[in-house]
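Working notes, beginning with the structure itself.
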Amino acid sequence: MARDEMTPLERAAAIAAGKPFDRIPFAPFLGETASHFIGTTMAQYRHSAELMVEVERVTYEMFGQDGVGAGPGYQALGEALGTKLIFPENNTPYVGEPAIKDWKDLDRLEPADPRTAGKLPLYLEALKALKDTMGKDVPVGSFVGGPLSTGAFVRGTDALLRDMTKHPEKVHRLMQLVTDTALLYIDAVLALGCGVSIADPVASGTMISAANFREFVKPYLKQYADRVRAKTGGGPMLHICGNTTRIWRDMVETGASTLSLDNVVDLGAARKQVGRDVCLMGNVDPVAVVAQGTPETIYEAVRQCLMQACDSPKGYVLATGCQIPLGTSAENIRCFADAARTLGSYPLDKDAVYER
Amino acid sequence: MAERENEIIERLITGVRDMDEALTVEAAEDALREKVEPLRAINEGLVVGMHEAGRLYEQEEYFVPELLLCSDALYAGMDILAPHLTPDPSRTKTTVVMGVVAGDTHDIGKNLVKLMLEVSGFAVCDLGRDVPLAAFVDKVVELEAGLLCMSTLMSTTMDGMGTVIRELERKGVRKAVKVLVGGGPLSQAFAERIGADGYASNATGAVKLARRLTLGEAAAA
């Protein structure tokens, strides 16, 4: 069933080369929250490379999105460093017992080897299979946890947030440890020919001040980006959900090539402030609009995003502000995809996008 | 004498607002020594400090880490002063049952709301996080609570709040309790859809709303 004139890889190549392309790329954040489409649970997904691959195969078949992948995020990275996770049947895993209960525990820890630690090998296995089976048509990527969110899964969020004031030097040591772990994982992902995306929700302005971001997160995110850039020539995608308005400039300065933004921020403002520097992604509300909306509200939300960012100088990818919740109907995600294909078809129908 | 008292009160305010546990503890001990009324030390000292912290949070000067440290200082002061409070039998406090909905463990926001409700004079029963839906209902009935506060950061657990409200209706106690909801994926529209009495987007808003819902417009001012 040919919905598009180009494959996602062809589209990405055309965009990179400044050549004509068929439509705006789009990325509905799915992955573990699309488990219901293959009749499995999120807990089972997190324990099986096969299921991770199957979710991507099936959702790509259904929606034709511009990227597939699987990644440990910050939860499985924390687990690889020794945190015991709790895996609810149908929810994202959370910290049962943190690897660092007392700062003395930090002395025992070493960066985790992605070939053997925790469940990191499962993700690498899934990425390899995705690359082998789907890699000729669609880019394959992996979400790796950013330093602060991964640190929160090693130390416990409450404790880590307090430690930023009470034990800053310990926090820095922890940030370097998780960064060293992430870099090993990133090396393995890049060796498979896959792309790197970073997720660091605890680092947003909804949680911490911009000053704390600059002190405890930015220098480490820069290490992530430097590694990706050294091996690929380009930076990673950086997704920080929550209110990042005050740290967009800092996010650009980490060396990320693409910023993925939550629906709580103003995409148009981001385009004005950093659109000349990085590609932008975002920011349709995955809950109120994609999960709970109607075809009309989904279409309108996509139109609003295109209106604000379709001409962003360094490029724009239509995406959701964060993950689409488990149980969202195929029909609603299709509405999102269809809106990208109609409104986002190039050359853009300016009257339709700007409603003139 | 009054000057000395005011100086101690100032230090209690500053200690909490400036996240200075040591200063707060020292001032609380001085308050006891100088025979400052414990209730005055708490309400005009510690609580005012927390409200100032709340204002700094709304102004985006303070963020979650700062509020956590302010609350640590406040609780340290409370630990010293609260045992010396003489209970006032004429004052009936509204009982609040609160918790994070089953399936979710994000509780920083809930803990901040709990703290602010306690310092505002509510008697709080905190069920914690990942609370089974039936537990909310059972505790509201058991304590004859005037207020139920439910929180979640996850879209997948939101609907549980609606289930709790329907169960309160089924048990015939819905009218006796005000239901206040909050958390990242929530909205005013969602709160109305599930039949809650109110929605707040942050801790300071939650307390204002809680007072308005339970005491009426005039008292909440």
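Where a number appears in this text, it was derived from the coordinates with a stated rule and is not lab data. Computed from a prediction, not measured in an experiment: that's the story for all the values here. Positions of Cβ are backbone-derived with ideal geometry, glycine not excepted, and every protein chain shown enters the neighbour counts.
Summary table below
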quantity	calculated
Cα-derived Rg to Rh of the range A:57-141, Kirkwood definition	1.09
For the range B:164-217, Kirkwood radius (reciprocal of mean inverse C-alpha pair distance, Å)	11.7
Helical contribution to [θ] at 222 nm, DSSP H n ≥ 4, -39,500 (n - 2.57), averaged over chain A, rounded to 500	-13500 deg cm²/dmol
The range B:83-157, Cα convex hull volume normalised per residue, Å³	94
Between helix B:159-170 and chain B: long-axis angle, C-alpha atoms, 0 to 90°, nearest 10	80
Stokes-Einstein D for chain B, Kirkwood Rh over Cα pairs, 10 °C, 1.306 mPa s (µm²/s)	88
Cut-off under 5 Å, modelled amide H: who pairs with A:Tyr316 long-range	A:Leu280
Under Karplus coefficients 6.51, -1.76 and 1.60, residue-wise ³J(HN,Hα) of the range B:203-213 in Hz, glycine/proline x	5, 5, x, 4, 5, 4, 5, 4, 5, 5, 5
Alpha-carbon radius of gyration plus Dmax, which is the widest Cα pair, for the range A:238-331 in Å	13.1, 39
Relative contact order for chain A, counting Cα pairs under 8 Å that sit 6 or more residues apart, in percent	18
Loop trypsin sites (Lys or Arg not before Pro), the range A:183-292 (other Cβ atoms within 10 Å of the site Cβ: 12 or fewer; DSSP)	A:Arg276
Descending principal axes extents, the protein assembly as shown, alpha-carbon based, whole Å	81, 54, 44
C-alpha long axis of helix B:64-81 to longest principal axis of chain B, angle in °	60
Beta bridges by DSSP in the protein assembly as shown, antiparallel share as percent, to the nearest 5	10
Whole-number D in µm²/s for the range B:23-88 (Stokes-Einstein; Kirkwood sum over Cα pairs; 20 °C, 1.002 mPa s)	174
For the range A:105-249, average projected area of the Cα convex hull in nm²	9.1
Shielding score for A:207-219, defined as the mean number of other chain Cβ atoms within 10 Å	2
DSSP loop GluC sites (Glu not before Pro) with at most 12 other Cβ within 10 Å excluded, longest remaining stretch of chain B	B:62-143
Long-range HN-HN contacts of A:Ser142 with modeled amide H, under 5 Å	A:Gly195, A:Val196, A:Ser197
Loop-exposed GluC sites (Glu not before Pro) per DSSP, neighbour cap 13 Cβ within 10 angstrom, longest uninterrupted part of chain A	A:90-354
Chain B: angle of helix B:47-58 to the longest principal axis, Cα-based, in degrees nearest 10	60
